[in-house]
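What follows is a set of notes on a single structure, which appears directly below.
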Amino acid sequence: MDTDRNIFDRLQLIRSENIGPASYIQLIRKFGTAADAIKAIPDLAARRGKRSAKIANAHVIHQEIETVRKLGANFLFLGDPDYPRLLRELSNPPPVLIWRGHLELLKKPTVAIVGARNSSAAACRYARDLANGLVERGISIVSGLARGIDTAAHQGALEKATIAVIAGGIDVHYPPENEKLQERIAARGLLLAEQPPGIEPRARHFPFRNRIIAGLARGTVVVEAAPKSGSLITARLTAEAGRHVMAVPGSPLDPRSLGCNSLIREGATLVQSVDDVIEMIGHFDDRADPINSKPEISEHDFGAKETSVNQTTGYEESRSLVWSLLSSTPVMVDEIARQSFIAPERLQLLLLEFELAGRIIKHAGGKISRLDN
């Protein structure tokens, strides 16, 4: 069981300015504990910054912890024994999740079912029946509690095993009409949130929610989806994580089926029944997958604690070189590494310094750009 101090330190680190999932992991790997990382942040930021890094206010962190407990919720941190192995394998796993319900559902094989908000009645019935059939076979169903297909999937799995990942705080009901369903999931299933309590969901939060849905599942089934929809984002994240993308075909005359039909044309597996889904996720070989060959990550074991590369020769030259290679045009970090010939450990620390100082911007797809003002 984590001590209150340990919970406070890790939460304060992730809630601090310019600390995202990747930065959090790098800091823990370098300094060993959240407390030591927090102490080091001002110096790291000052190396290239025009201002001091802002550590999350201690009173605000204490308030969040108190609020979570009053709500009957709990924290799950990256590195905790119950943190899902599949989710941990993402390049940007959430450092902390707030949960209500039955955490043991995360230990079951999980399938995501997502789709259109303005779905047809037939598609909702299909999603509900598919979810019910899968939970009868020992599968947990994860979705995003949105209108339409998500809601139907949760309803079909509610009595046995459904997991809802929401975009806002654990105490925020969205959409409003799903308030009762959300509370039933918290009582009978599992409710997960990455945002602090009280945070209303915004457009920028949904892609982060979608990556958690994709990260928890062995595969994602898409049931009706318009082109460029959030469901297709979840499907893309599923593929990027090396999981199975499955889609239910639909009429080419229905715009809500265009996304699914496009996924199938691009290589997604066409599924029509529970057996089709079971067959696909049965190909997910736990024994061969790196998830099960990788040791558990803990705050004290993110890998060997790195030596201070700041004291090695050529550090200032490396810093200047990286800065000169950056511009206002986003570029892949791999391209910076390719052109600079700087060791990965040093490059990551340099980029972390720039990020903490607010000198670079991170973009989708692992790209970064320079901020000169």
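The values are calculated or read from the model by the stated rules, or taken from the named source; none is laboratory data. If you're wondering where the values come from, they're calculated on a predicted model, not measured in any experiment. Using ideal geometry, Cβ is built from the backbone for each residue, glycine included, and neighbour counts are taken over all protein chains shown.
What to note about this one:
- Filtering the range 241-264 to residues that are in contact (Cβ under 8 Å) with a residue 24 or more places away in the chain and in a helix (DSSP H, G or I) leaves PRO255, ARG256, SER257, LEU258, GLY259, CYS260, SER262, LEU263.
- Residue match in the range 204-212 (condition: assigned by TED's automatic domain parsing to the domain that holds LYS107, assigned to a loop (DSSP other than H, G, I, E, B), crowded, with 19+ Cβ neighbours inside 10 Å and touching a residue at least 24 places away in the same chain (Cβ under 8 Å)): no
- Number of the exception - PRO94 against (1) surrounded by fewer than 21 Cβ atoms within 10 Å (Cβ to Cβ); (2) in the same structural domain as ILE185 (by TED's automatic domain parsing); (3) modelled with pLDDT of 95 or more: (1)
- Within the range 74-103, the set of residues being of a type in the set (A, V, I, L, M) and in contact with a Pro (Cβ under 8 Å, 6 or more places away or on another chain) comprises LEU78, LEU87, ILE98.
- Filter pass, ASP80 being of a type in the set (Asp, Glu), outside the structural domain of PRO207 (by TED's automatic domain parsing) and not in a helix (DSSP H, G or I): yes
- Residue check: HIS102 meets all listed conditions (1) surrounded by fewer than 20 Cβ atoms within 10 Å (Cβ to Cβ); (2) in contact with a Leu (Cβ under 6 Å, 6 or more places away or on another chain); (3) within 17 Å of ARG209 (Cβ to Cβ) but one, namely (3).
- Some residue of the range 283-301 being more than 24 Å from the chain's Cα centre (by Cα) and either at pLDDT 50 or above or among the aliphatic types (A, V, I, L, M) (or both): no
- The set of residues from the range 104-158 being among the hydrophobic types (A, V, I, L, M, F, W, C), part of a helix (DSSP H, G or I) and farther than 15 Å from LEU181 by Cβ comprises LEU105, LEU106, ALA121, ALA122, ALA123, LEU130, LEU134, VAL135.
- Only one of ALA112, ALA116, ALA123 that is within 23 Å of PRO21 (Cβ to Cβ) and touching a residue at least 40 places away in the same chain (Cβ under 8 Å): ALA112
- Single unsatisfied condition, ASP254 versus (1) touching a Gly at 6+ places or on another chain (Cβ under 6 Å); (2) farther than 29 Å from ARG137 by Cα; (3) among the acidic types (Asp, Glu): (1)
- Remark: pairs (first residue in the range 324-348, acidic (Asp, Glu); second residue not in a helix (DSSP H, G or I); Cβ separation under 8 Å; 6+ apart in sequence or on different chains) = ASP334/GLY366; GLU345/GLU306.
- Residue selection: ALA53 fails the criterion of being buried (at least 19 other Cβ atoms within 10 Å of the Cβ), among the hydrophobic types (A, V, I, L, M, F, W, C), touching an Asp or Glu at 6+ places or on another chain (Cβ under 9 Å) and under 20 Å from LEU97 (Cβ atoms).
- Residue that is surrounded by the fewest Cβ atoms within 10 Å (Cβ to Cβ), among those in the range 213-240 that are part of a loop (DSSP other than H, G, I, E, B) and within 17 Å of the chain's Cα centre (by Cα): ARG218
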